[in-house]
Amino acid sequence: MKRPLCLAALIITAIVYLYLELFVSEHLTDYSDTEDGKNIQVVGFVDKKEYRVDYNGETSPVIYIIPIGKRDLGNNKYIQCYMSKEDYKEPEIGQKISVSGTKKSFQSPRNYGEFDSRLYYSTLKIAYRIKNAQIGYTSCSTDLFSEELYRIKYQLESVFDKCLEPGDAAIMKAIVLGDKAFMDEETKQLYKDAGIIHIMAVSGLHISILGMGLYKLLRKVRLPLLPSVVLPIMFMFVYGQMCGMSASSVRAILMFSLRLLAPVLGRTYDLLSALSLVEITLLIEQPLYLYNSGFLFSFGAVLAIGFIMPSIASFIPDKKSNRMKFSDDRESTFVQKINDHLLSGIIVSISILMVTLPVYMSYYYVYPIYSIFLNLIILPLMAPLMLLGILCMTIGCVTSFGIVIPGVMIHIILDFYNVLSRFFSKLPGGKWYLGTAPKWKIIVYITALLVFAITAQTKKKDKTKYIFGFAYMAALFMLLFNPAPDLKISVMDVGQGDGILIRTGKESFLIDGGSTDKNQVGKYTIIPYLYYEGVGSLDAVIVTHEDEDHISGIFEIMDDMEKGGIRIKTLILPDVAKPSRGDNYIRLEQRAKDLGIPVNYIKCGDKIKASFDLYCLNPVENMQTEGANAYSTVLYLKKGSFTALFTGDVEQEGEAHIIKDIAANEDEFSGITVLKVAHHGSRYTSNEKLIDILKPKVALISAGQDNKYGHPHKEVLKRLGKYKTKIYRTDEMGEITVIMNGNSISIDEFLPPL
């Protein structure tokens, strides 16, 4: 076989994947024991140090220790310690120290689409975190090499601080030294939305500029081959160590090393074989890399360029033989070169998309379409930007004279990046809302892609390649085609709050979206779930009332919309008297008007017509109350024989009003399919008379884990239990999804039953 390493890598990857799917829990040790949230003390050796942004958005010192003693870290190695700034004296790498602080375990997601902190940090071999950590004592031993490397890194970063504007310095620290801690969140999000966040990762681009540049320089000065190879490899390993040795940098450095060593060993360098060998090495060292998006993107991009791109190129006719050449046709030659460059860049982008599409659908659920074209402009400027950064650091370490010119040029390039990113983010249709896909579809797609690529390259002039090309297109269509059920109701676990998505194949409605115990619930829970569902626009956001635990995330969705994100077509507010409209109500109105979102007001008797009927039972027109809960919008959904009642936080006169209306139409409401229990299961709502009339088959309760209110209260659970109502609670089960297809109804709990 021509490339046995490629076959070996494919087999090993499949075995590791199957193993992880069956036994991944063995690699994810649960550290949320009785010590979680309590003060603990750990003794260990300092392995590395850095600065990171803490929970308050401030930059804090962080050290990673390898504990000694009997602490069971499973397959993990480190404990991450966010140090208290009070009386902080930085330890040196290699020192044995005692650290005490509050233990914080990494959490698994409780909703689809949420970031899996536990899995991510397990990939990095970090067991858990200690917050507000303080050092008890230190020993005298020091790892002099690592400590000096750390000091050099931050000395170089201080040069950027001295030479550049704060924003430019933060970006250059990320690009040149792999340190994203000092970048502001807005810039990170801008680059991510534009699809150019990859320029912040130390990867093949850095290696080609620094490593190959050094190698060529050494060869140019006629240094013998062996030292010309060894010195750049050593330099790149030191550079990678200084920058943190991420999966992408390890991959790039190892492949660079193989590239230089091949002629020394009398071997021919093969890109795909080198990629395969590096992948096997990394997977043996850490199998969980298969669940790391950075690892998958890094290897996927190289695979696309080395394997998929030639396959696509084989379908493009060679235009050179059809062109008439003239001795003075310089202009057309130049134009042709530009066209060839653009065509090549587009083919590269499409090839990378073909390989990484399953990664997007497994981790991000959204693809920035214009990144295909944006990268054609951004990437050619990366080499001069890197060289300007190196020049700026070199001069700045010696003198401040002469650093103005490279500093100005860096600012111009970065400003150009920002302008381009903002421009493309504002263009319509900039995001492709992919949603997710089941694993079996992804496996079929990857298989079809590999078969297509192999066939296209081995049968270049054979029509067989077109057959497999069509087979790939069929697999692509199957991957992207994800028909929605007749009706899907998702009660997201937003903690102590409410957030309900109602979807059909045609519409998407959001009822509330807020929390009082989950920070930035819109950014970290609601928007990721909408992405997961492939929702790029909401036909309506219905606000039951203005309490923070029902609206905090809606403001974040509006902020996302302003930056080109999920669009809200209509905001629906309860129709209450102006004296009853508090500050949050007015803020919502004004924010919607600023964004051009139409605002409608709903009252008892109104009906929203969609693929289902949605009737409003509360509030009465121009209702005036002292508390917002009383005027909560109450909605009755009906689709065929399926019925559901969404009650917000309705209580007092609002609840009395709906009981009166429901009692007058008892035949309609009795035996309701689904009841979303009011006010998180508070004893002051869902009174006995209401439950007696409704006799719900299923009750959904949205409440925070171990919330201070004790929701849901035992009295409410007892009332529901009287009618043998099946109760689903987000505090116990995470996100709850009710799916209706025809006459079939199924209910999915995100978390497995206890």
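The values are calculated or read from the model by the stated rules, or taken from the named source; none is laboratory data. Everything quoted here is computed from the prediction, not taken from an experiment. In this analysis, Cβ positions are derived from the backbone assuming ideal geometry, glycine residues included, and neighbour counts consider all displayed protein chains.
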Since Arg587 meets every condition but one in (1) surrounded by 17 or more Cβ atoms within 10 Å (Cβ to Cβ); (2) under 30 Å from the mean Cα position of the chain (by Cα); (3) basic (Lys, Arg), which condition does it not meet? (1)
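Just to be sure before I move on: is Ile312 assigned to a helix (DSSP H, G or I), modelled with pLDDT of 95 or more and among the aliphatic types (A, V, I, L, M) in the structure I sent? Don't jump to the end; show me each part of the working.
Working: assigned to a helix (DSSP H, G or I): yes; modelled with pLDDT of 95 or more: no; among the aliphatic types (A, V, I, L, M): yes.
Against the criterion (assigned to a helix (DSSP H, G or I), modelled with pLDDT of 95 or more and among the aliphatic types (A, V, I, L, M)), Ile312 does not qualify.
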Filter the range 170-188 down to residues that are part of a helix (DSSP H, G or I) and surrounded by 18 or more Cβ atoms within 10 Å (Cβ to Cβ), then give me how many there are. 9
Residue check, Arg118 within 18 Å of Asp36 (Cα to Cα), of a type outside the set (S, T, N, Q) and either in a helix (DSSP H, G or I) or not assigned by TED's automatic domain parsing to the domain that holds Ile66 (or both): yes
Does the range 725-742 contain any residue that is surrounded by 14 or more Cβ atoms within 10 Å (Cβ to Cβ), touching a residue at least 40 places away in the same chain (Cβ under 8 Å), in contact with a Gly (Cβ under 7 Å, 6 or more places away or on another chain) and not acidic (Asp, Glu)? no
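Right, Gly522: among the small types (Gly, Ala, Ser), surrounded by 24 or more Cβ atoms within 10 Å (Cβ to Cβ) and within 21 Å of Gly435 (Cα to Cα) or not?
Yes, satisfied.
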Please list, ordered by first then second residue, the pairs with beta carbon atoms under 6 Å, 6 or more apart or interchain, first in the range 690-709 and closer than 12 Å to Val674 by Cβ, second among the small types (Gly, Ala, Ser) and not in a loop (DSSP other than H, G, I, E, B). Ile701/Gly681
Residue that is surrounded by 21 or more Cβ atoms within 10 Å (Cβ to Cβ), assigned to a helix (DSSP H, G or I), modelled with pLDDT under 90 and touching a helix residue (DSSP H, G or I) at 6+ places or on another chain (Cβ under 6 Å), where the choices are Phe424, Phe452, Phe468: Phe424
Filter pass, Ser98 being buried (at least 19 other Cβ atoms within 10 Å of the Cβ), out of contact with any Asp or Glu (no Cβ under 7 Å at 6 or more places or on another chain) and in contact (Cβ under 8 Å) with a residue 24 or more places away in the chain: no
Do we have any residue at all in the range 481-496 that's on the phi < 0 side of the Ramachandran plot, part of a helix (DSSP H, G or I) and out of contact with any Asp or Glu (no Cβ under 6 Å at 6 or more places or on another chain)? no
Filter pass, Glu148 being free of Cβ contacts under 8 Å to residues at least 24 places away in the same chain and acidic (Asp, Glu): yes
Just wondering, is there one or more residues in the range 493-501 that are among the hydrophobic types (A, V, I, L, M, F, W, C) and either under 29 Å from Gly742 (Cβ atoms) or surrounded by fewer than 23 Cβ atoms within 10 Å (Cβ to Cβ) (or both)? yes
Considering Ser32, Ser105, which residue is in contact with a Ser or Thr (Cβ under 6 Å, 6 or more places away or on another chain), among the small types (Gly, Ala, Ser), buried (at least 16 other Cβ atoms within 10 Å of the Cβ) and at pLDDT below 95? Ser105
Looking at Gly654, Gly627 in this structure, which one is at pLDDT below 95, out of contact with any His (no Cβ under 8 Å at 6 or more places or on another chain) and not in a loop (DSSP other than H, G, I, E, B)? Gly654
If Tyr137 passes every condition in (1) surrounded by fewer than 19 Cβ atoms within 10 Å (Cβ to Cβ); (2) more than 17 Å from the chain's Cα centre (by Cα); (3) assigned to a loop (DSSP other than H, G, I, E, B); (4) aromatic (Phe, Trp, Tyr) but one, which one does it miss? (3)
Among the residues of the range 209-227, which ones are touching a residue at least 24 places away in the same chain (Cβ under 8 Å) and either of a type in the set (Ser, Thr, Tyr) or exposed (fewer than 15 other Cβ atoms within 10 Å of the Cβ) (or both)? Tyr215, Leu225, Leu226
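Let's see how each residue does on (1) within 11 Å of Ala247 (Cα to Cα); (2) assigned by TED's automatic domain parsing to the domain that holds Thr123; (3) surrounded by 20 or more Cβ atoms within 10 Å (Cβ to Cβ):
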| position | (1), (2), (3) |
| --- | --- |
| Leu272 | no, no, no |
| Thr281 | no, no, no |
| Phe299 | yes, no, yes |
| Leu303 | no, no, yes |
| Ile308 | no, no, yes |
| Ile312 | no, no, no |
Going by the conditions given, is Arg683 free of Cβ contacts under 8 Å to residues at least 60 places away in the same chain and under 21 Å from Thr625 (Cβ atoms)? yes
Any residue at all in the range 232-247 that's touching a Gly at 6+ places or on another chain (Cβ under 7 Å), buried (at least 18 other Cβ atoms within 10 Å of the Cβ), outside any helix (DSSP H, G or I) and in contact (Cβ under 8 Å) with a residue 24 or more places away in the chain? yes
Suppose we filter Gly57, Gly44, Gly69 for residues that are modelled with pLDDT under 80 and more than 28 Å from the chain's Cα centre (by Cα); which single one remains? Gly69
Is at least one residue of the range 220-228 among the hydroxyl-bearing types (Ser, Thr, Tyr) and closer than 30 Å to Gly300 by Cβ? no
Some residue of the range 655-663 being among the basic types (Lys, Arg) and either out of contact with any Asp or Glu (no Cβ under 8 Å at 6 or more places or on another chain) or under 14 Å from Phe509 (Cβ atoms) (or both): yes
Filter result (free of Cβ contacts under 8 Å to residues at least 60 places away in the same chain and under 25 Å from Phe295 (Cα atoms)) within the range 380-407: Pro380, Leu381
Within the range 662-689, the residues that are surrounded by fewer than 18 Cβ atoms within 10 Å (Cβ to Cβ) and touching a strand residue (DSSP E or B) at 6+ places or on another chain (Cβ under 9 Å) are Glu668, Gly671
From Asn375, Asn339, residue being exposed (fewer than 15 other Cβ atoms within 10 Å of the Cβ) and on the phi < 0 side of the Ramachandran plot: Asn339
